[in-house]
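A quick write-up on the structure given underneath.
The values are calculated or read from the model by the stated rules, or taken from the named source; none is laboratory data. The structure presented is a predicted model; accordingly, all values stated were derived computationally and were not measured. FYI the Cβ positions are ideal-geometry reconstructions off the backbone, even for glycines, and counts take in every protein chain you see. These area figures cover heavy atoms from the full protein model, side chains too; ligands, DNA and RNA do not enter into them. Shrake-Rupley method; radii C 1.70, N 1.55, O 1.52, S 1.80 Å.
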Protein chains: 2
Amino acid sequence: MLRATADILYRDGIHAVTYDEVARRSGVAKTTIYRHFPSRNQLLVAAVDGSTATPLIPDNGNLRDDLRDFLRAILPMFLNDDLRAMSLELMAAAARDPELQDLHRANVRARIGPLSTIFKRAKDRGEIDPDLAYVDAFDFIEGPLIVRSLLYPDKLDDLDIEITVDRILRVLSP
Amino acid sequence: MLRATADILYRDGIHAVTYDEVARRSGVAKTTIYRHFPSRNQLLVAAVDGSTATPLIPDNGNLRDDLRDFLRAILPMFLNDDLRAMSLELMAAAARDPELQDLHRANVRARIGPLSTIFKRAKDRGEIDPDLAYVDAFDFIEGPLIVRSLLYPDKLDDLDIEITVDRILRVLSP
DNA sequence: GTATAACGCTACGAAGCCGTAGCGACGATT
DNA sequence: AATCGTCGCTACGGCTTCGTAGCGTTATAC
């Protein structure tokens, strides 16, 4: 049921998530879905909550390698057109409907979690400007990948992780 | 007609753009819309093309001030929930439908144009690492704003433009 | 064995959208 | 004055979704 919802969300987009369609693909009766999720938003939230996988947390003992591993790990997510479309649709839906803001927030937190760990460890080692808040740091760590994937998705392959990490470090270091 | 389409796109989202709805709001007969735009995609492309405004191009003679002015100029666009939602929906649509990729590309080019001018002038003045491609530079210039608006839209106000420019310059300078 | 709860199935009226057809009105061209 | 092109209006059949109702089936608990 939630699996079918997540599948539709991924393949056909958020507008294709209807009670009828979920019933069709999941093999569950439409009435049953209504009994569990009286509103479409609840169904969406539950489906997204149940399908958020947290990426691995690298621990190499130094910031540079951790960042490289992290960017490498999440790069495939940006290369996937359907996945990118789904994320964009979810964020757009959250921007339009306050009810879905928590959904988006949880989704982001799951994706950002590992980065937070990396960041804290590096800060303890003195590799990061002590005045730099982690929110501001994320802007520059995820920024390049996101911008690249949004504005120039076809040039995403050209992005050199090593060089990008160098540039990120310019911003983060004390 | 195109104005009505752009308006729907902005207010209610891309899913709300239907022939019936455009006819209703524009006062134009549905058949007439079909005569001009046989497919919905053509209508979308025309509407977006006709409503892309290019921001001002600052020219202060130095990169720092130009960047500051530019970021200040585009910040309000990110603060607008509907506008952000619309952009996200357009990008999502482009990711799903190849026919709409040009639409997105044109939209991006209009928004990025001024940045390109700023970038070239700064490079001529020697304020930018000569090995740095402009595509890579954009990742770090627009990145912070975009990431902030996507992941933490409620903390967008906290973003200090001056400090952000400082950090961007760390990446761009030779 | 029986009560309770959950599920499946069918069907419904209302609403919206699609794409097209038919017909009349208007204005410009020539 | 006649012609051509464009537009408006109405209406249609087909399709999908919504949210609910009614009723039968299954399984678990006690």
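To the nearest 0.05, how large is the calculated FRET efficiency for A:N80 and A:D59 if R₀ is 35 Å and r is the Cβ-Cβ distance? All intermediate terms of the calculation are to be shown ahead of the outcome.
Working: r = 26 Å, r/R0 = 0.75.
Calculated value: 0.85.
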Say a label goes 7 Å from Cα toward Cβ at B:K30 in every copy; what distances in nm does this one have to the rest, shortest first? 2.2
So which chymotrypsin sites (Phe, Trp or Tyr not before Pro) in region B:1-93 end up in coil per DSSP with only 14 or fewer other C-beta atoms within 10 Å? none
Here the gain from full extension of A:T31 to A:T18, 0.36 nm per residue of separation minus their alpha-carbon distance, amounts to 3.4 nm
Excluding residues on the same chain fewer than 8 positions from A:K30, give the aspartates and glutamates whose Cα lies under 14 Å from its Cα. A:D20, A:E21
If we hang a label 7 Å off Cα along the beta carbon direction at A:K120, how far is it from the matching labels on the other copies, in nm, shortest first? 4.8
Set the Förster distance to 35 Å, then compute FRET efficiency between B:I163 and A:R109 from the Cβ-Cβ distance, nearest 0.05. 0.90
For B:A73, go 7 angstrom from Cα along the Cα-to-Cβ vector, then report the distances to that same point in the other copies in nm, smallest first. 4.0
Would you kindly find the accessible area of A:L67, with a 1.4 Å probe and non-protein molecules such as ligands, DNA and RNA excluded, rounding to the nearest 10 Å²? 0 Å²
Have a look at B:G126, B:I112, B:F138 and report the one farthest towards the positive end of the charge dipole of region B:63-172, computed about the Cα centre with Cβ charges (Lys/Arg +1, Asp/Glu -1). B:G126
Out of B:T164, B:P55, A:V22, whose Cα points farthest toward the positive end of the dipole of the protein assembly as shown (charges: +1 Lys, Arg; -1 Asp, Glu; placed on Cβ)? A:V22
Given Cβ point charges of +1 (Lys, Arg) and -1 (Asp, Glu) and nothing else, what value in debye, to the nearest 20, does the dipole of region A:2-49 about its Cα centre take? 140 debye
Charges at C-beta only: +1 for Lys and Arg, -1 for Asp and Glu. How large is the resulting dipole of the protein assembly as shown about its Cα centre, in Debye rounded to 20? 960 debye
Which of A:H36, B:H104 is most accessible, then next, and so on - probe 1.4 Å: A:H36, B:H104
Solvent-accessible surface (1.4 angstrom probe) belonging to B:L56, in square angstrom, nearest 10: 150 Å²
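How large is the charge dipole for chain B, taken about the Cα centre, if only the Cβ atoms of Lys, Arg (+1) and Asp, Glu (-1) carry charge, to the nearest 20 debye?
For this selection, approximately 600 debye.
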With every protein chain in place, what's the accessible area of A:V45 (1.4 Å probe, Å², nearest 10)? 40 Å²
Partners for B:K123 among lysines (Cα-Cα distance below 26 Å; same-chain residues under 8 apart left out): A:K155
